[in-house]
1. If the requirement is being surrounded by 14 or more Cβ atoms within 10 Å (Cβ to Cβ), among the polar types (S, T, N, Q) and either within 27 Å of Ser368 (Cα to Cα) or over 17 Å from the mean Cα position of the chain (by Cα) (or both), which of these qualifies: Thr130, Thr81?
2. Could you name every one of the helices (runs of 4 or more DSSP H) located completely within segment 228-320 that has at least 3 residues being in contact with a Gly (Cβ under 6 Å, 6 or more places away or on another chain)?
3. Can you tell me which residues in segment 447-465 are surrounded by 18 or more Cβ atoms within 10 Å (Cβ to Cβ), within 17 Å of Pro421 (Cβ to Cβ) and not polar (S, T, N, Q)?
4. Considering each residue of segment 369-412, count those that are assigned to a helix (DSSP H, G or I), under 16 Å from Leu177 (Cα atoms) and small (Gly, Ala, Ser), and give that number.
5. Provide a single number: the residues in segment 162-209 that are outside the structural domain of Gly275 (by TED's automatic domain parsing), crowded, with 24+ Cβ neighbours inside 10 Å and either of a type in the set (D, E, K, R) or farther than 30 Å from Gln70 by Cβ (or both).
6. For segment 428-470, which positions are in contact with a Ser or Thr (Cβ under 7 Å, 6 or more places away or on another chain) and either within 22 Å of Ala234 (Cα to Cα) or part of a helix (DSSP H, G or I) (or both)?
7. Residues of segment 81-106 being under 12 Å from His65 (Cα atoms) and among the aliphatic types (A, V, I, L, M), which ones?
8. Quick one: count up the residues across segment 265-292 that are under 13 Å from Leu439 (Cβ atoms) and within 24 Å of the chain's Cα centre (by Cα).
Amino acid sequence: MVNRFLWLFVIGALCAGCSSTTSRAAVPVTDATETSPSVVSDSTIAVTPPRCVSPTGNETIRIWHILPDQNAGKLFNELVTGFNASQTQITLKSESLKGFGAMLDRLNATPKADWPDIVISSTASLERLTDAAGTITPAECPSGKASAAGLLPVVAAAYTADGELQAIPYGVSTLLLLFDANEMTAAGLDPKQPPTTPDALMAASKAVVERGVGKYGLVVHEWYANYVIQQWAAQRGTIVAAPNNGRNGEKISVDFNTADNRAAMKWLDEVVRTGGATWIGGQQTGQEDLVRVILDSTFTIHTSGSIGDILAVEGRGQLSNFKLGVGPMPGPGVGGLVGGNAMFMIDHQAPERAGAAWNVVRWLTESSQMARFDVATGYIPPSAAVAAEPALVAAWKQHPELKVGYDQLAAMSGSAASAGPLYGPSIDPVFWALTHAILDDHADPGAALDAASKQANQLLADFLAKRPTR
């Protein structure tokens, strides 16, 4: 165990990279999206001019991003400087916002004419930004289809709506099992063979406690209902929101009360009651579970986007007796949903300005630049071409933990089930409430799932009532 006096330092170091997407206050339940004015041509022949063409003059391009301030944000600033030094036609300016919630608030409070040219934001932004009728798809820009052709199928699917890739993935992540490899070894478990199923995870969690290695095994927090419903559905290849997980823009609804989900709720209750897990409730910073693994527990399910920061702290010798281990997301199958962020291009009805923004996107997502970014941050390469870059191959050889997320996503298809549901409104609070109902109130799983379905469907209906016509 790490001495407890280190915990303040550890949470400070890790939370330098926190995104407010994991905080209750950061994710609004409902929100209206500003609609752009329609354009009606009085021409007798309907001709749609291109919205993205190669620039002929000088342009200034602005980016707003949600990249964490530590490794990712620091390196991104260096890349912006590098882009500006590489040419003289386009001046790139960037601004950092503290997570998806802050990004959404800023966009809602800003007139459309003052929006940036590029928004780097999470998968949750897809429905809102495309509904605003304000994004330009990669396929509309020169060589856009070719630039997107090599993406991993599930990564492309995550940012696809209405059959069209809506943004270029950038900082890709997924959920993985993070653990203290030293404690697994001390408990007689093999850290090179971490648990991959729910039952195996419960058994390992229980073994750590029973053998006196750790006070607790698994750390459980309020996101777990989300994990065991949505992540496990993707592993099974089943749809969560009908029809088609909302990927075609149609009206959707959910029914969480299924046999699989009732079993998942029972597992969640049992792992806390008898499986050695500790229930910590909400996560204000999104990193409390990692701190608990360092202090008094062994396992947590957490985003791969934190691995780079943990390895950096570990490499400085500031986590004595702790060794990071990483395994695939435990569940009924293989895989996990795509998280992280992507580059959305905003339409300012200025085709050459859009073309300049596209040149920025292409430069930042060129394979060697992406490899540099992924090596420094621990993000997952979005394509096999980036994964083959020598810098990334060398980093994976030194730290195999960084490759687990890539292997997990590479094993998945590009189906709507693998891509996950595209809701529009945030229904995360519904899942938080469901976790509390199961673990605090010991609610009947079926009744709790019915209540969650009703709440989610009401949010979907409210969002649809405000939604502009697509």
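1. On the way: Thr81 fails: surrounded by 14 or more Cβ atoms within 10 Å (Cβ to Cβ).
Being surrounded by 14 or more Cβ atoms within 10 Å (Cβ to Cβ), among the polar types (S, T, N, Q) and either within 27 Å of Ser368 (Cα to Cα) or over 17 Å from the mean Cα position of the chain (by Cα) (or both) holds for just one of Thr130, Thr81, which is Thr130.
2. Details: elements: 232-236, 259-273, 288-295, 307-315.
Because the criterion is at least 3 residues that are in contact with a Gly (Cβ under 6 Å, 6 or more places away or on another chain), the helices (runs of 4 or more DSSP H) in segment 228-320 that meet it are 232-236, 307-315.
3. Leu449, Ala452, Ala456, Leu459, Leu460, Phe463 - these are the residues of segment 447-465 that are surrounded by 18 or more Cβ atoms within 10 Å (Cβ to Cβ), within 17 Å of Pro421 (Cβ to Cβ) and not polar (S, T, N, Q).
4. First pass over segment 369-412, keeping only residues assigned to a helix (DSSP H, G or I): 369-377, 384-387, 390-398, 400-410.
Imposing the further condition that a residue be under 16 Å from Leu177 (Cα atoms) reduces the set to 400-409.
From what's left, small (Gly, Ala, Ser): 405.
Count: 1.
5. 0
6. Step one: of segment 428-470, the residues in contact with a Ser or Thr (Cβ under 7 Å, 6 or more places away or on another chain) are 457, 459-460, 462-463, 468.
Residues satisfying the conditions are Asn457, Leu459, Leu460, Asp462, Phe463.
7. Leu97, Ala102, Met103, Leu104 - these are the residues of segment 81-106 that are under 12 Å from His65 (Cα atoms) and among the aliphatic types (A, V, I, L, M).
8. The qualifying residues number 6.
The values are calculated or read from the model by the stated rules, or taken from the named source; none is laboratory data. Note that the coordinates shown come from a computational prediction; the quantities given were computed from them, not determined experimentally. Positions of Cβ are backbone-derived with ideal geometry, glycine not excepted, and every protein chain shown enters the neighbour counts.
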